[in-house]
Amino acid sequence: MMKLSAGDKVLQVMIYTVLLLLGFITLYPFWNSLVISFNVGSDTALGGITFWPRSPTLDNYEVVFRDSRIGHAFLISILRTIVGTTLSVLFTAILAYGLSRHELMGRKVYMVFCIITMYFSGGLIPTFLLLREFGMMDTFWVLVIPGMISVYNMIIFRTFFLGLPAGLVESARIDGCNHIGVLTRIILPISGPVVATLSLFTAVYHWNDWFSASIYINDTRLIPIQTLLKQILNSNIVTDQLQKAIGSSAAAQDRLALVQSVTSKSLIMATTMVATLPIITVYPFLQKYFVKGVLIGSLKE
């Protein structure tokens with residue numbers, strides 16, 4: 001190992017200090033929200049809750065999970081994330097494969113058309129009218145189909161495909177494999193890092209998207225968890241949650257305890273944690289693919 005000079009050591013200490021400070025600034029709001037969600041709401045209202053719950057309780061989560069809308073919205077979000085991610089990655093990879101083939105006539109023109117859509121769109125109102133004409137309003141598919149193709153992800157896929165040895169495709173074609181077979185049997189199996197990275201990006205988008213459902217969905221049975229959370233933040237749904245939980249408690253003491261321990265802020269924090277933690281748990285399993293997948297798909301041409 002190289003011996004560091006005094007200046008280098010000072011510089012390293014400064015770098016680590018800045019990184020630790022940035023990490024703390026980034027993580028503390030999430031940690032504080034988690035702490036508040038496990039603290040008695042009336043005690044939280046007094047202030048001073050920072051790193052640890054002062055009066056630990058599970059009442060906030062009890063009220064959240066007693067509301068059937070939370071569970072149903074959670075299932076809609078899971079279904080949307082799974083179906084939307086699968087279809088988006090599959091169709092984006094198909095488009096990228098086609099645009100990576102040199103024998104495709106006019107592929108550069110098609111590429112230009114795709115890139116234009118990254119900077120210009122028809123706008124919200126034309127999109128709304130288009131989806132309404134297709135009869136997709138108030139359906140599950142309005143949450144999935146409009147996001148099936150991502151040009152940004154397609155560019156990463158295409159660049160990665162262009163970096164693969166041409167002999168792979170040629171040998172498969174000589175053996176009688178069609179283009180679908182080449183893509184599904186040869187290209188995608190060796191594109192694991194890129195597929196995993198873009199799948200995670202797409203899954204995070206579908207899980208966190210609240211805007212689409214707020215515009216295109218009026219049926220409460222199809223509202224995902226993030227849209228419901230947005231409604232909770234902007235309305236009196238929190239009060240409704242508390243009233244339902246209190247009304248379902250059998251004993252008078254239970255009702256009194258809930259009234260005294262649960263507040264709107266504590267319920268909002270608990271609901272936020274329920275909506276956020278599932279997608280965060282996915283990151284550690286796919287983190288190793290991030291840098292490798294994006295760099296492989298962006299540096300080769």
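The values are calculated or read from the model by the stated rules, or taken from the named source; none is laboratory data. This is a predicted model, so every value here is computed, not measured. So basically every Cβ, Gly included, is an ideal-geometry build from the backbone, and we count neighbours across all protein chains shown. All accessible areas refer to the heavy atoms of the entire protein, side chains included, with ligands and DNA or RNA removed. Shrake-Rupley method; radii C 1.70, N 1.55, O 1.52, S 1.80 Å.
Positive end of the dipole of the chain (Cβ unit charges, origin at the Cα centre): among VAL109, GLY47, THR263, the Cα lying farthest that way belongs to VAL109.
Between ILE115 and LEU164, the FRET efficiency from the beta-carbon distance, with R0 = 22 Å, is close to 0.50. Alpha-carbon geometry of the stretch 159-204: the Rg and the Dmax are 12.2, 40 Å, given in that order. Within the full protein context, the accessible area of GLU103 is estimated at about 110 Å² for a probe radius of 1.4 Å. Computed about the Cα centre, the dipole magnitude for the stretch 7-159 is approximately 520 debye when only Lys and Arg (+1) and Asp and Glu (-1) carry charge, each at its Cβ. Length available on full extension from TYR16 to LEU129: 0.36 nm per residue minus the Cα-Cα distance, which gives 35.5 nm. Shown for the chain are the DSSP H helices of 27 Å or more along their axis, judged by Cα atoms, with a mean Kyte-Doolittle hydropathy of at least -0.5: 6-37, 68-100. Label separation (PHE285 vs ARG185): 2.9 nm, computed from points 7 Å beyond Cα along the C-beta direction. Database remark: amide H of ASN39 closer than 5 angstrom to the amide H of THR57 (H placed geometrically; neighbours at sequence offset of 5 or more, or on other chains; Pro and chain starts carry no H).
Find how many whole Å separate the alpha carbon centroid of the stretch 27-104 from the alpha carbon centroid of the stretch 147-201. If you average the Cα positions of each part, the centres end up 31 Å apart. Our analysis of the stretch 77-151 gives Rg over Rh at 1.03, with the two radii drawn from alpha carbon positions and Rh computed by the Kirkwood formula. Applying 0.36 nm per residue to the separation of ILE215 and LEU233 and subtracting their alpha-carbon distance, the gain on full extension is 4.8 nm.
Model label points for LEU104 and VAL83, set 7 angstrom from Cα along the Cα-to-Cβ axis, are 2.7 nm apart. ARG107 contributes an accessible area of around 40 Å² to the protein surface, as traced by a 1.4 Å probe with all chains present. Among the protein heavy atoms of the chain, carbon and sulfur supply 69% of the accessible surface, probe 1.4 Å, non-protein parts ignored.
Of the peptides 187-198, 116-127, the ranking by mean beta-carbon count within 10 Å, highest at the top, reads 187-198, 116-127. List the relative contact order of the chain as a percent without decimals, with contacts defined as Cα pairs under 8 Å and 6+ residues apart. In percent, rounded to a whole number, it is 32. Scanning residues 5 or more positions from VAL144 or on other chains, none has an amide H under 5 Å from its amide H, with H placed 1.01 Å from N in the peptide plane. Each 20 Å bin, from zero up to the one with the longest distance, holds this percent of the alpha carbon pairs of the chain: 25, 45, 26, 4. The residues packed around PRO56, meaning those with a beta-carbon under 15 Å from its beta-carbon, carry a net charge of -2 if Lys and Arg are +1 and Asp and Glu are -1. Largest to smallest in accessible area, the residues LYS265, LYS230 fall in the order LYS265, LYS230 (1.4 Å probe, all protein chains included).
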